[in-house]
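Enquirer: Have a look at this one.
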Amino acid sequence: MTAGEQAFLRLELEVLLKRLKRNLDQVGVEVLKSTYRKGYGELLREIQVKAETYMKEAVFSGMGGYFCRDEIPDLCRALNGVVNEAGVRHQLSVALFQEPDMGKVEGLVQMIRERVQRIVLEYQGHIQGGRQMRNIF
């Protein structure tokens, strides 16, 4: 994905979050869940899809490289651990659905990216020593 496409995706997510925030402020979550159930559900699904795509791109873009073949399963487990950490997932859920705020989402995405980058750099440092290498990104 190009930088322009990533910026556009971020903008789309921000617009959706503003729409959700406006709806929550004007009518409240209970009315949205009952009276506007269909539209509210569609908005939440759209936010989820855009947020997942945005986060994957923002966290993993430019992180390619070579890794020791026998360490790839451990690398994937470590990366999944960072991305799927319960506390982070809860904070993202709050920032996306309960208190929609693109600034909080971006802060969490940046924190995840920094942690992922540290792990990637650590595993890239292991390629010295003659073991078989493989590019996974």
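The values are calculated or read from the model by the stated rules, or taken from the named source; none is laboratory data. What you are looking at is a predicted structure, and each value in this text was computed from that prediction instead of being measured. FYI the Cβ positions are ideal-geometry reconstructions off the backbone, even for glycines, and counts take in every protein chain you see. Side chains included, ligands, DNA and RNA excluded: accessible areas come from the protein's heavy atoms. Shrake-Rupley method; radii C 1.70, N 1.55, O 1.52, S 1.80 Å.
Enquirer: Quick check on this structure: which one of Arg45, Arg37, Arg19 is among the basic types (Lys, Arg) and at pLDDT below 95?
Expert: Arg37
Enquirer: Give the residue that is nearest to Met63 (Cα to Cα), with candidates limited to residues of region 12-27 that are surrounded by 13 or more Cβ atoms within 10 Å (Cβ to Cβ) and of a type in the set (A, V, I, L, M).
Expert: Leu13
Enquirer: Now, a different point. So, Asp74, is that one loosely packed, with under 12 Cβ neighbours inside 10 Å and more than 25 Å from Leu44 (Cβ to Cβ) or not?
Expert: No: the conditions fail for Asp74.
Enquirer: If you don't mind, another one. Do you know which of the residues in region 1-15 that are among the hydrophobic types (A, V, I, L, M, F, W, C) and in contact (Cβ under 8 Å) with a residue 60 or more places away in the chain is farthest from Phe97 (Cα to Cα)?
Expert: Met1
Enquirer: So which residues in region 80-108 are farther than 19 Å from Leu44 by Cβ and assigned to a helix (DSSP H, G or I)?
Expert: Within region 80-108, Asn80, Gly81, Val82, Val83, Ala86, Gly87, Val88, Gly103, Glu106, Gly107 qualify.
Enquirer: Look at region 28-71 and say how many of its residues are part of a helix (DSSP H, G or I), closer than 29 Å to Gln98 by Cα and open to solvent by less than 60 Å² (accessible area, probe 1.4 Å).
Expert: Within region 28-71, the subset part of a helix (DSSP H, G or I) is 29-34, 37-60, 69-71.
Now drop any that are not closer than 29 Å to Gln98 by Cα, which leaves 29-34, 37-60.
Next cut, open to solvent by less than 60 Å² (accessible area, probe 1.4 Å) only: 29, 31-32, 39-41, 43-44, 47, 50-51, 53-55, 57-59.
The total comes to 17.
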